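Working notes, structure below.
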There are 2 protein chains.
Amino acid sequence: MTDTYKPADRTVPTRYRERAVYDRELVHSILDEAYVCHLGFIRDGAPVVLPTLFGRVDDRLYVHGSTGSRPLRMAGEVDTGLLVCLTVTHVDGLVLTRSAFHHSINYRSVVVHGTAHQVTDPEEKRSALDALVDHVIPGRSRDSRPPNNKELAATALLRLDLMDVSAKLRTGDPIEEPEDMTLPYWSGVLPLRTGYDTPIPAPGLDASIPPPEYLTAR
Amino acid sequence: MTDTYKPADRTVPTRYRERAVYDRELVHSILDEAYVCHLGFIRDGAPVVLPTLFGRVDDRLYVHGSTGSRPLRMAGEVDTGLLVCLTVTHVDGLVLTRSAFHHSINYRSVVVHGTAHQVTDPEEKRSALDALVDHVIPGRSRDSRPPNNKELAATALLRLDLMDVSAKLRTGDPIEEPEDMTLPYWSGVLPLRTGYDTPIPAPGLDASIPPPEYLTAR
């Protein structure tokens, strides 16, 4: 396995090509840090973009939903799979420049193009569902009741292989016009990060069960 | 103007209908809190989802980009506009349940369907660009150099009217099977929020210019 994804026509952006990267490890880290992706597909000739949970196993992404949900049902109806675009984005900072025009954000994003297929193999389904839970809270799937057969049957899963994929990012300082440098406006970056508040136990939780380390260590 | 958007066929979700809301004020607040949206459109018969900055003026959304960027160029080429789906999502908390199956997230999302049109009127363009800057940092457009004619000409703008729009949210405690309530696993919610680090001044910024209040008050 190589360390980079192969640039394809549609993953080479028309703008800011220098911001596009295909490094496998970087792509995985951007995906793994995201709680939700935005899944795009076509319905009745129009684009639809829905937020959804996802998981990753090596070079495969999984999204799941009820067997009644729209994209899942559509992929199941079509033998050839469902054309999708799956995108995740992190906003890392707000970039303020002296000119309104050059304002920007520091960000990391990954865009995956491909065809999603329904997963029917029970073993792949089980490991994909573990991956979905562990994607949000690493280690959690081993610390909860596994899905039973009824739950497995009620869950539809789509697989999307990471092939036509690229990351794009902006980091660092503002970029401005030389003639703006002496204007009397503040210029710089406001860094953002995800914060966590104290875990809130469910009503009636047995008081002898402490919050697990994978929550309190954040 | 009414207080709610009108439910349409495609904004009534197939799943969790009780989570869908059409309240105008709530829709606006979810949109305004987001730094980026995910814009979906169709290119060469396939869906594309790209993260992008946006702004709102009343019931109109604006996305912008270079005149060379793909969706902007596509909308300009087509007299009838570009079919899009614009989605924003906030992840407010991780919902841990005793069963792997019922894990969820608390979230707020807005999905807008419609046709985006190029903005050519210079006045609308100026006010939309102000809105884009103020969307990320309220008050900032008045505290920076306005765009000049060359910058205006280099910027393409798309307008998307808020008509076919809905919000969806999940809040509150875990929901579990009665028979799982005595399992020895922690159950509850881990609340998330966006944190801000200390603003980083640009290299060479005049030391007499303090970070503006709209940054430090966060």
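Sort out which residues of region B:93-112 are under 21 Å from the mean Cα position of the chain (by Cα) and not polar (S, T, N, Q), and write them in order of number.
Scanning region B:93-112 gives B:Gly93, B:Leu94, B:Ile105, B:Tyr107, B:Arg108, B:Val110, B:Val111, B:Val112.
For region A:113-218, please list each of the helices (runs of 4 or more DSSP H) lying entirely inside it that holds at least 3 residues being within 20 Å of the chain's Cα centre (by Cα). First the steps, then the outcome.
Numbers: elements: A:122-136, A:149-154, A:213-216.
In region A:113-218, the matching helices (runs of 4 or more DSSP H) lie at A:122-136.
Out of region B:87-96, which residues are crowded, with 22+ Cβ neighbours inside 10 Å and more than 7 Å from chain A (Cβ to nearest Cβ)?
Within region B:87-96, B:Val88, B:Gly93, B:Val95 meet the criteria.
Can you say whether A:Val49 is hydrophobic (A, V, I, L, M, F, W, C), surrounded by 20 or more Cβ atoms within 10 Å (Cβ to Cβ), assigned to a helix (DSSP H, G or I) and modelled with pLDDT of 95 or more, as far as the supplied structure shows?
On the way: hydrophobic (A, V, I, L, M, F, W, C): yes; surrounded by 20 or more Cβ atoms within 10 Å (Cβ to Cβ): yes; assigned to a helix (DSSP H, G or I): no; modelled with pLDDT of 95 or more: yes.
Judged against the criteria, A:Val49 is not a match.
Give all pairs with beta carbons closer than 9 Å in which a residue from region B:152-170 that is closer than 21 Å to A:Ser104 by Cβ meets a residue that is polar (S, T, N, Q) and part of a strand (DSSP E or B); count only pairs at least 6 apart in sequence or on separate chains.
What qualifies is B:Ala154/B:Ser66; B:Thr155/B:Ser66; B:Ala156/B:Ser66; B:Ala156/B:Gln118; B:Leu157/B:Gln118; B:Leu158/B:Gln118.
Among the numbered criteria (1) of a type outside the set (Asp, Glu); (2) farther than 25 Å from B:Thr155 by Cα; (3) more than 7 Å from chain B (Cβ to nearest Cβ), which single criterion is violated by A:Ser104?
(2)
Among the candidates B:Pro184, B:Pro201, which residue alone is in contact with a Lys or Arg (Cβ under 9 Å, 6 or more places away or on another chain) and either at the interface with chain A (Cβ under 9 Å from one of its Cβ atoms) or modelled with pLDDT of 95 or more (or both)?
Numbers: B:Pro201 fails: in contact with a Lys or Arg (Cβ under 9 Å, 6 or more places away or on another chain).
Answer to the selection: B:Pro184.
The values are calculated or read from the model by the stated rules, or taken from the named source; none is laboratory data. Predicted model, so just to flag it, every value in this text is computed and none were measured. Note that each Cβ is placed from the backbone with ideal geometry, even for glycine, and that neighbours are counted across all protein chains shown.
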